[in-house]
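The values are calculated or read from the model by the stated rules, or taken from the named source; none is laboratory data. Everything quoted here is computed from the prediction, not taken from an experiment. Neighbour counts run over all protein chains shown; Cβ positions are idealised from the backbone, glycine included.
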Amino acid sequence: MPRLSEVITALENLWPAERAESWDAVGTVVGDPEQEVSRVLFAVDPVQEIVDEAVKLGADLLVTHHPLYLRGTTTVAAGTFKGRVVHTLIKHDIALHVAHTNADTADPGVSDALAGALDLRVVRPLVPDPSDPEGRRGLGRVCELDHPLTVRELAARAAERLPATAQGIRVAGDREATVRTVAVSGGSGDSLFDHVRAAGVDAFLTADLRHHPASEFIADRAHSAHGTHSPLALLDAAHWATEWPWCELAAAQLDEISDRREWGLRVHVSRTVTDPWTAHEASAPVTPAAPVTPATSVTPVTETPGAPN
Ligand SMILES: [Zn+2]
C-alpha cells in the first residue's frame, strides 16, 4: 500500500503545482504524508456532501478540482462550512488534494475530458501555454467534429453526454447553423472570447457566460458575418457539468499509475451533483422573432410615460 506522499508525488507529476495560476491554491490541503492510501475519491467540489461520501466510501484521499480555501483564513472552526470540512476529513484520516488551474492547462486536462465526453477531436489548445515548446498544454481546446452537426444537434449531444443538471444547455445564435469546429473550455469561459474569435471556430461551449460578453459576442458575429469567418453560436452548460468529465479522466490516470506500480488502489469518481443550481422553471415558450418589417409600414408607438421598459 503506498503512502500518501507517494500518491501525491504521482499527482504532482500529472499536474505540477507550479503550472497553476498565481492566484490559485492547489496542492495538498489536509493529510499526513506518512498515512497509507488504499481508496481514492475524485470530485469537482470539496463540499460537505462530498466529504461525507468519502467517509461512507472509506476513502483515504479525496482529490478535488476546486480549492477548499482560495484565500487565507484565520479559522478552521467546525462552526464554519469549510472548517467543518477540515474537521470531518481529519477525524476520518482522509487527505484532501486539489488540482485546479494546473489541471485545466495539463495535457490531457479538463478541456480534453470535456471534448472527449462530446466525441470532439482535439486539434490544439485555445490559449497555448507559452512555456510548452510542444504547444500541447494550455487553456481550452479547439476541436473538430468528424461529421458536421447543427448547433441544435451539438447542444442535444452536450445535454445527453454531460451529467444532468437543472440548467441543461443554453444556446445563443442560429440553432440551424452548421458546426464543423468548436472551442471548448471547462468552467467559466467568459474571459476567452477574444481567443475564440481569433480561432475562427463555429461554436464555443463553456459555462458561466454572462449577459454582456455573450450579447456582444453574438452581435459582433452578426456584424462581421459578411466579412471574416466568425463564431456562430454559444453553448453554455453548468460549470460543474463541464468539469466533471475531468474526474473520470483523472481517476483513469491514477488507476493506470496504480496498476503500473502495483499499488492496488481503488479509485472512485463521485456522481453527486454539486452544481449549486438545483431547479429550472421553464418560462412560457419564447415567441419566434417576427420578420423585419419595412420602416414605412411600422405603426408609430405612443410611449406611455412611466411605463416599465
Ligand atoms: Zn471550475
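Among ALA106, ALA113, which is assigned to a helix (DSSP H, G or I), among the aliphatic types (A, V, I, L, M) and within 16 Å of the ligand (Cβ to nearest atom)? Write out each step before concluding.
Values: ALA106 fails: assigned to a helix (DSSP H, G or I).
Just one listed residue meets the conditions, ALA113.
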Hey, ALA59 modelled with pLDDT of 95 or more, surrounded by 19 or more Cβ atoms within 10 Å (Cβ to Cβ) and touching a Gly at 6+ places or on another chain (Cβ under 9 Å) or not:
no
When you check ASP190 against the structure, is it charged (D, E, K, R), within 16 Å of the ligand (Cβ to nearest atom), modelled with pLDDT under 95 and within 26 Å of ASP45 (Cα to Cα), yes or no?
yes
Here the residues within region 101-131 that are crowded, with 18+ Cβ neighbours inside 10 Å, over 18 Å from ASP194 (Cα atoms) and of a type in the set (A, V, I, L, M) are ALA103, ALA106, VAL110, ALA113, LEU114, ALA115, ALA117, LEU118, LEU120, VAL122
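Okay, residues lined up against (1) surrounded by fewer than 16 Cβ atoms within 10 Å (Cβ to Cβ); (2) touching a residue at least 24 places away in the same chain (Cβ under 8 Å); (3) of a type in the set (Gly, Ala, Ser); (4) closer than 13 Å to LEU118 by Cα:
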{"residue": "ALA156", "(1), (2), (3), (4)": "yes, no, yes, yes"}
{"residue": "LEU162", "(1), (2), (3), (4)": "no, yes, no, yes"}
{"residue": "ALA166", "(1), (2), (3), (4)": "yes, yes, yes, no"}
{"residue": "VAL171", "(1), (2), (3), (4)": "no, yes, no, no"}
{"residue": "ARG175", "(1), (2), (3), (4)": "yes, yes, no, no"}
{"residue": "GLY186", "(1), (2), (3), (4)": "no, yes, yes, yes"}
{"residue": "HIS212", "(1), (2), (3), (4)": "yes, no, no, no"}
Condition check: modelled with pLDDT of 95 or more, more than 16 Å from the ligand (Cβ to nearest atom) and of a type in the set (Phe, Trp, Tyr). Does PHE81 satisfy that?
yes
Let me spell it out: the conditions are (1) of a type in the set (S, T, N, Q); (2) more than 16 Å from the ligand (Cβ to nearest atom); (3) at pLDDT 80 or above; (4) surrounded by 13 or more Cβ atoms within 10 Å (Cβ to Cβ), and SER230 meets all of them except one. Which number is the exception?
(3)
Just one listed residue, out of ARG136, ARG124, is among the charged types (D, E, K, R), within 20 Å of PHE204 (Cα to Cα), in a loop (DSSP other than H, G, I, E, B) and more than 16 Å from the ligand (Cβ to nearest atom), and it is ARG136
